[in-house]
């Protein structure tokens with residue numbers, strides 16, 4: 001059994017930095033600004049030879065606005081699902097009334113609690129400031145410094161000691177209402193789907209709909225999502241990882257350092273995914289920023305599915321005559337994505353969302369497809385017969401043979417007598433012919449032309 005462990009505490013105590021140390025990589029966004037973490041972020045970690053699923057949560061601030069209330073609900077859900085809780089306090093600031101309130105909220109759950117006092121950068125600080133944390137009544141405080149990687153052997157030992165106490169008592173880790181990560185999912189090479197788009201396009205609502213639970217924080221405030229959050233999902237058809245990302249705004253509209261980091265993480269998510277789920281707000285036309293985001297995914301060679309979200313609202317307001325009208329406008333704005341399927345849907349109501357995962361799986365099959373060399377060269381011969389290559393320097397370009405030289409996306413190399421004579425328009429004809437012959441859908445097909453090597457005698 002893989003144990004679920006959650007990190008909790010008030011804002012700006014270093015929960016995400018501690019999370020990154022335990023995971024062993026920069027998995028969570030870290031910044032000095034309080035309240036950066038909002039959604040639950042989960043990653044695998046090992047403590048004392050035991051695998052755990054570690055959850056980073058947002059800070060419990062106690063405010064009443066939509067975002068902080070939503071964060072509190074997310075933290076409460078994480079606490080219920082956890083076998084062990086890591087309560088993080090700020091050693092520099094001492095025990096605060098907010099720390100005492102959070103400790104009072106954690107006790108009734110009856111979960112083992114490991115008290116980690118962060119920002120203990122020096123032994124002298126530990127000796128003078130650490131004793132006051134005993135007043136929280138949560139056992140021995142463990143001094144750590146996430147910034148300087150101090151005290152983590154003791155912290156890991158305390159977490160490991162807490163895990164058997166949870167299982168020996170006969171209690172099991174509660175099943176989540178949604179499909180949470182487990183060791184089986186990690187070893188099965190799931191399809192990675194990055195959900196990207198402009199702010200407030202409905203990305204988090206869509207992820208929650210696909211997961212079947214309120215996994216991601218959703219509000220009407222644009223920019224609610226900050227971290228790129230990975231959520232494993234298992235269905236009868238296969239395994240997936242949904243990567244919810246921050247909304248990507250125009251470069252000149254990005255002011256705060258935190259938002260720059262969020263957008264950087266969103267673009268990084270495109271780089272580490274297999275298929276991009278591009279979420280578009282169907283209540284308005286395709287924008288320049290939509291085109292920029294989609295273009296970035298296209299240039300990175302990722303599979304693509306275009307999702308026209310909020311179709312229920314667009315239909316209600318009469319923004320478009322019908323779905324065909326919208327798709328026509330979309331194709332006109334994103335001509336280079338003619339290979340990508342357009343799905344009209346509403347993440348809020350669930351209309352059309354059942355088609356997303358099957359389409360993503362179909363695109364992934366094209367993304368990883370290999371073509372046999374004999375079949376490829378039969379098609380290359382047919383291409384030259386149907387439409388001969390152009391004339392270059394009084395000679396017709398001739399393809400001697402071709403081979404597939406890569407996948408993710410599919411790449412093909414053609415050996416020709418005059419590769420420099422293959423015009424862009426004929427290159428596009430070759431790509432379209434390959435796409436039709438081998439059924440490549442939702443992915444860019446890359447072709448390269450090179451001269452034949454001459455052997456010396």
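Coordinate-derived values only; no laboratory data. Not measured: the values here are computed from a predicted model. Positions of Cβ are generated from backbone atoms using ideal geometry, with glycine treated the same way; all protein chains shown enter the neighbour counts.
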- Listing 56, 99 from the residue with the fewest other Cβ atoms within 10 Å to the one with the most, what is the order? 99, 56
- Item | For region 373-451, share of DSSP beta bridges that run antiparallel, in % to the nearest 5 | 55
- Query: Of the listed peptides 110-120, 344-354, 421-431, what is their order by residue-averaged count of other C-beta atoms within 10 Å, with the highest listed first?
  - Reply: 110-120, 344-354, 421-431
